[in-house]
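These notes are about the structure you will find just below.
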Amino acid sequence: MSSVIFKEVESLAEQLMDAAEANNETKFYELYDQLEQLCEKYRGSKKDHPVLWETLADFTEENEKSIETYEYAYGLAQALKDNEYKASIMFSMAQRLVEEGEKDRVKEAIDKAAKFASFTEDQELIDEIKLLADQL
């Protein structure tokens, strides 16, 4: 993925966080729409990347839609064979599945997250995954 797209996603994520913290719903939804349009612009192209969709899923309010978006991001991460993205996406999906009360799917997602995280250097992610797994 080009660094220009990554920087755009990063900027939108920061602005979304700021809008959420300021309780500025109008700005939040405007930025969310921009992020969604960016994702759709690159869907299926050579520039399609898990960071686009994981970020969109992170800011999606409805759990069901968020989970579907994480699943798409996970498919892209699998194609790239990127363990860090796979671990992060599965962890985030597990958190949403907990909220939905889908215990079987939570266990599957958290197990995958732990497996993929074990192949990374991201100790913070590993610790977060272990904490969630211990809470289940």
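Laboratory data are not the source of any read-out in this text; all were calculated from the coordinates shown. As the structure is a computational prediction, the values presented were derived from the model and not from experiment. Here the Cβ is made from the backbone with ideal geometry for all residues, glycine too, and neighbour counts use every protein chain on show.
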- Query: Just checking, which of Glu128, Glu121 is more than 20 Å from Leu76 (Cα to Cα) and in a helix (DSSP H, G or I)?
  - Reply: Glu128
- Query: Quick one: is Ala113 crowded, with 16+ Cβ neighbours inside 10 Å, on the phi < 0 side of the Ramachandran plot, part of a helix (DSSP H, G or I) and without any contact (Cβ under 8 Å) to a residue 24 or more places away in the chain?
  - Reply: no
- Item | Any helices (runs of 4 or more DSSP H) falling wholly within segment 1-77 and containing at least 1 residues that are buried (at least 17 other Cβ atoms within 10 Å of the Cβ), in contact (Cβ under 8 Å) with a residue 12 or more places away in the chain and more than 12 Å from the chain's Cα centre (by Cα) | 3-21, 25-42
